[in-house]
Every structure is written in C-alpha cells, then in structure tokens.
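What follows is a short report on a single structure.
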Amino acid sequence: MSPTLAGISIVVGLCLLLGTGMPIAFALGLAAITGLFFDMGFDVIYVITETMFAGIANLAYVAIPMFVLMGAIVAGTPAGGDLYKALDRWLYKVPGGLVLSNIGACAIFSGMTGSSPATCAAIGKMGIPEMVKRGYPNSVATGSIAAGGTLGILIPPSVTMIVYGIATQTSIGRLFLAGVLPGIMLVVMFMAWSLFDAKRKGFHFRVDALHYTLKEKLATLPRVLPLLLIIMGMLFVLYGGVATPSEAAGAGAMLTLIVVVVVYRLVRIRDFTGIFGSAMRESVMIMMIMASAELFAFALSSLYITQSLAATIGALDINPWLLMLIVNVFLLVSGMFLPPVAIIVMAAPLLFPIITQAGFDPYWFAVVLTINMEIGLITPPVGLNLFVINSIAPDIPTRDILLGALPYVLVMMAAIVLLCIFPQIVTALPELIMGPAI
C-alpha cells in the first residue's frame with residue numbers, strides 16, 4: 001500500500017471511530033494499532049506500550065497535572081463568582097460595564113485555571129443570568145461568555161502551550177510570553193464586538209440604578225488579590241529563571257490550595273475529594289490522549305505518511321502565505337472535531353518543520369495555532385464551550401447561543417489576520433524579556 005493510500009485509510013478509519021462516540025484516546029490508539037498491524041503484523045505488540053509510555057515519560061509533563069490541579073482548585077470554589085462580583089462593583093458605572101466585567105472576568109479566570117470549559121462554567125453561572133436580568137439580549141450574554149472562555153488556552157499559564165513546547169522542543173517560558181499581548185488584544189476585540197452587538201440589537205446603555213460604596217468595592221479585593229498575586233509570582237519566578245515550569249506549577253498549585261483553604265474555609269474532606277478527583281480525571285484524560293496521539297504519530301511515521309506529506313508540501317514551491325492559509329484551514333477543520341491537545345500532539349511535529357522552513361517564527365505559529373483551537377471550542381459540531389453554556393443556561397434557546405457565539409469566530413479570524421500583518425504583537429514581549437530566540 002502506498003503512503004498516500006495508507007494515510008487516507010488511517011484518517012478515514014479514525015473519523016469512523018470518532019463518529020461512533022468512542023473516546024478520542026481509544027480511537028487514536030485503535031486506528032494507530034490497526035495501521036501498524038498491517039505493516040508489522042503481530043510484532044506491533046512490542047511497540048505499543050513502549051511508544052505510548054515514551055510519549056509521556058517527560059519530566060516537563062509534570063507541569064500539566066499541576067496546572068490542571070490549580071485550575072480545579074479555583075473552579076471548585078466560589079473564586080469565579082468573587083472575581084465577577086469584584087469587576088462588576090468596580091465597573092458598574094461604565095456604560096456596558098456588565099458585559100465588560102464578564103469578558104474581563106473570563107480573561108483573569110483563564111489565567112488562573114488554563115481551562116476554557118471551567119472558565120465558561122464558573123463565570124457563566126453568575127454572569128449570564130445577571131446580564132439577562134439587566135436586559136442584555138440572550139445572544140450577547142451567552143456569546144460573550146462562550147468566547148471569553150476560549151481565552152483559557154491562550155493566556156498563560158496554558159496547558160496547550162506546554163504541550164506545544166514539548167512537542168516542538170521550544171521554550172515554554174517564551175511561549176507563555178508570546179500569548180500575553182495576543183490574549184490582551186483578543187480581550188479588547190471581544191469587548192468591542194460585545195458592545196457593538198448589544199447596541200445593534202437594541203440594548204440601551206445606561207448607568208444602572210445600582211450603587212456600591214467604596215467599602216463594598218474594597219471588600220471584594222481580599223478574596224481576589226491573593227490568587228492574582230499567585231499567578232503573577234508564579235510567572236515571575238518562571239521568567240526570572242528561579243524555577244522550571246514544573247516547579248512553578250507545583251508551587252502555584254500548593255499556594256492556591258492554601259489560599260482557598262484560608263479564604264473559603266475548606267475543611268471538609270469531600271471538598272478536597274471533589275477537587276482532586278476532578279483534577280485527576282482531566283489529567284488522566286489529557287495524558288491518555290497524548291500517549292495515544294504519540295502512537296498515532298509513530299504509525300504515520302512508520303508507514304512513511306508523514307515523510308511523504310512533508311516532501312509533497314515542500315516540493316509544491318508555493319507562496320509561504322498560501323501555505324499558511326492551507327495550514328489554517330486544516331487547523332480550523334480539525335478544531336471542529338478534536339480537542340486542542342490531540343491536535344497539537346499529532347499535528348505540531350508534522351507542521352513545525354514545514355512552517356519553519358517556510359520562514360515563519362515557531363512562537364508566532366504557536367499563537368496562531370492556539371487561536372485556531374479557540375475557534376474550534378465555539379463552532380459546531382463539537383464546540384465544547386457551547387455545550388457548557390447550554391448546560392448552565394438551559395432556558396436560553398440553542399439558536400441564541402449559536403448566533404451569539406459564531407460572530408466571535410470572525411473576530412478571532414480577524415485577530416489571526418492582524419497577527420499575520422503585525423507579527424511583533426507576538427514576538428515583541430518574548431524578545432524584550434528573554435532576548436531574541438536562538
């Protein structure tokens with residue numbers, strides 16, 4: 001069987017397995033094993049466990065469960081609600097301040113958890129009902145939360161950036177820095193569109209008949225500032241060379257646990273079992289996907305599919321920007337069906353030499369890839385954030401949720417175009433703090 005035919009067969013088989021509802025890790029593993037069996041026969045038994053274990057036997061991966069635990073600690077407490085209240089009390093006099101508070105809370109909470117679904121759930125539970133209560137259209141209320149939640153995989157610390165860094169052997173610290181300014185840019189673009197969308201749908205901006213005293217405003221800060229200081233301190237020791245990403249993640253998780261125990265008086269065992277159980281389930285899921293994706297990548301390489309595809313693309317001699325357009329279309333379509341971690345583990349090693357050979361900065365590409373993954377979180381048929389919004393706001397029609405979220409896809413596409421025109425948005429901060437990439 002030719003590499004082209006083998007590649008098509010494996011991809012079609014994978015799609016069929018995913019269509020049955022099989023867990024992604026098992027579908028990837030079964031498709032890889034089937035392809036290797038036809039090439040190696042029963043000798044495939046000797047490479048399965050070794051390849052899967054070798055794929056995750058990397059000390060840098062310790063950062064992933066630690067960041068996941070940190071996110072579970074924050075998501076499992078009223079921290080999201082407190083953050084939302086704090087922003088609302090400080091911005092309530094600003095016209096449209098509530099929608100700005102929602103997106104701002106999503107951005108900050110994303111930095112605490114690194115999880116898009118957790119951000120949607122934590123902020124949406126309070127933000128969506130409050131926005132609807134104050135007269136915002138349903139589509140604006142749900143769309144702003146769904147889009148704001150996607151920031152969880154771009155704003156550092158980001159699990160997807162860690163996976164990309166390990167898969168491509170690039171600096172995780174530099175990747176974190178690369179996501180800061182694009183993350184801020186997306187927050188501003190989301191806020192601008194939300195205000196415009198609400199205005200065009202008939203919402204009249206006015207200062208609500210609410211009043212918070214300075215004492216009430218300040219009362220929200222003691223519960224929010226410690227967590228923000230942990231994030232800032234963790235990033236400081238990481239970029240200052242004091243700690244590795246794994247060490248910073250471990251220390252951040254421990255300090256976050258101490259803060260929530262002191263602030264929210266978490267003393268019951270069942271509080272901790274829920275937090276650690278949630279973190280363990282998500283960590284195991286991510287690791288299983290990564291191990292299976294490593295086996296899948298090994299199968300593609302063993303059957304010379306990867307090499308043939310890279311050689312074919314390299315021989316096309318097309319304009320680099322046309323190549324980047326093709327890559328973006330591939331990432332957009334993949335993001336509609338697969339989670340970000342699976343796509344990065346499978347596609348990054350394949351795409352990395354192609355985009356670097358074409359002259360693109362690998363850290364710039366990491367941000368472009370991540371924004372494509374963000375788009376996948378709010379587009380059908382999978383659209384994980386859409387399902388989360390639907391579950392926490394069952395009274396709002398699914399049509400309104402979709403109509404509210406899909407315009408943000410165009411906003412994120414516009415952000416990718418801006419990054420193509422002004423790549424310094426990504427590269428300026430890493431070069432300023434860490435110097436030019438070697």
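Quick one: which of L406, L418 is under 17 Å from L325 (Cα atoms), assigned to a helix (DSSP H, G or I) and open to solvent by 20 Å² or more (accessible area, probe 1.4 Å)?
Sole residue among the options that is under 17 Å from L325 (Cα atoms), assigned to a helix (DSSP H, G or I) and open to solvent by 20 Å² or more (accessible area, probe 1.4 Å): L418.
Which members of the stretch 378-406 meet the condition of being out of contact with any Ser or Thr (no Cβ under 9 Å at 6 or more places or on another chain) and under 14 Å from F190 (Cα atoms)?
Scanning the stretch 378-406 gives no hits.
Taking the stated definitions as given, is S101 modelled with pLDDT of 80 or more, in contact with a Leu (Cβ under 7 Å, 6 or more places away or on another chain) and buried (at least 24 other Cβ atoms within 10 Å of the Cβ)?
Taking the combined requirement at face value, the residue satisfies it.
For the stretch 92-148, name all the residues that are outside any helix (DSSP H, G or I) and among the aromatic types (F, W, Y).
Of everything in the stretch 92-148, those that are outside any helix (DSSP H, G or I) and among the aromatic types (F, W, Y) turn out to be Y92, Y136.
Being under 12 Å from the mean Cα position of the chain (by Cα), on the phi < 0 side of the Ramachandran plot and touching a residue at least 40 places away in the same chain (Cβ under 8 Å) is true for just one of S144, S139, S116. Which residue is that?
Unique residue meeting the criteria: S116.
Would you call I172 open to solvent by 10 Å² or more (accessible area, probe 1.4 Å) and under 17 Å from I344 (Cβ atoms)?
yes
Output the residues belonging to the stretch 113-127 that are more than 19 Å from L225 (Cα to Cα) and open to solvent by 10 Å² or more (accessible area, probe 1.4 Å).
Answer for the stretch 113-127, where residues must be more than 19 Å from L225 (Cα to Cα) and open to solvent by 10 Å² or more (accessible area, probe 1.4 Å): S115, P117, A118, A121, K125, M126.
Applying the selection to the stretch 34-55, what residues are surrounded by 16 or more Cβ atoms within 10 Å (Cβ to Cβ) and closer than 28 Å to F176 by Cβ?
Those that are surrounded by 16 or more Cβ atoms within 10 Å (Cβ to Cβ) and closer than 28 Å to F176 by Cβ: M52, G55.
Among the numbered criteria (1) within 30 Å of I56 (Cβ to Cβ); (2) of a type outside the set (S, T, N, Q); (3) touching a residue at least 40 places away in the same chain (Cβ under 8 Å), which one does I355 miss?
I355 satisfies every listed condition except (3).
Do we find that P3 is closer than 22 Å to M287 by Cα and at pLDDT below 85 in this structure?
no
Under 7 Å between Cβ atoms, which residue pairs at least 6 apart in sequence (or on different chains) link something in the stretch 403-414 that is under 9 Å from A147 (Cα atoms) with a partner that is aliphatic (A, V, I, L, M) and open to solvent by 10 Å² or more (accessible area, probe 1.4 Å)?
These pairs meet every condition: A405/L386.
If you take the residues of the stretch 260-273 that are surrounded by 15 or more Cβ atoms within 10 Å (Cβ to Cβ), over 25 Å from the mean Cα position of the chain (by Cα) and aliphatic (A, V, I, L, M), which of them is modelled with the lowest pLDDT?
Among them, the one singled out is L266.
Being open to solvent by less than 10 Å² (accessible area, probe 1.4 Å) and either touching an Asp or Glu at 6+ places or on another chain (Cβ under 9 Å) or over 21 Å from T220 (Cα atoms) (or both): is that true of S110 here?
For S110, the condition - open to solvent by less than 10 Å² (accessible area, probe 1.4 Å) and either touching an Asp or Glu at 6+ places or on another chain (Cβ under 9 Å) or over 21 Å from T220 (Cα atoms) (or both) - is not met.
Show me the helices (runs of 4 or more DSSP H) found entirely inside the stretch 1-56 where at least 1 residues are free of Cβ contacts under 8 Å to residues at least 60 places away in the same chain and over 29 Å from T312 (Cβ atoms).
45-56
Out of the residues in the stretch 153-164 that are out of contact with any Phe, Trp or Tyr (no Cβ under 8 Å at 6 or more places or on another chain) and more than 15 Å from V368 (Cβ to Cβ), state the one that is most open to solvent (accessible area, probe 1.4 Å).
I155
So how many residues does the stretch 78-91 have that are in contact (Cβ under 8 Å) with a residue 60 or more places away in the chain and open to solvent by less than 10 Å² (accessible area, probe 1.4 Å)?
Summing the residues that are in contact (Cβ under 8 Å) with a residue 60 or more places away in the chain and open to solvent by less than 10 Å² (accessible area, probe 1.4 Å) in the stretch 78-91 gives 3.
Looking at the stretch 421-438, which of its residues are hydrophobic (A, V, I, L, M, F, W, C) and crowded, with 18+ Cβ neighbours inside 10 Å?
Result: I425, V426, L429.
The values are calculated or read from the model by the stated rules, or taken from the named source; none is laboratory data. On a predicted model such as this, the values are computed, not experimentally measured, just so you know. Note: ideal-geometry Cβ built from the backbone for every residue, glycine included; neighbour counts use all protein chains shown. The accessibility values were calculated without ligands, DNA or RNA, using every heavy atom of the protein model including side chains. Shrake-Rupley method; radii C 1.70, N 1.55, O 1.52, S 1.80 Å.
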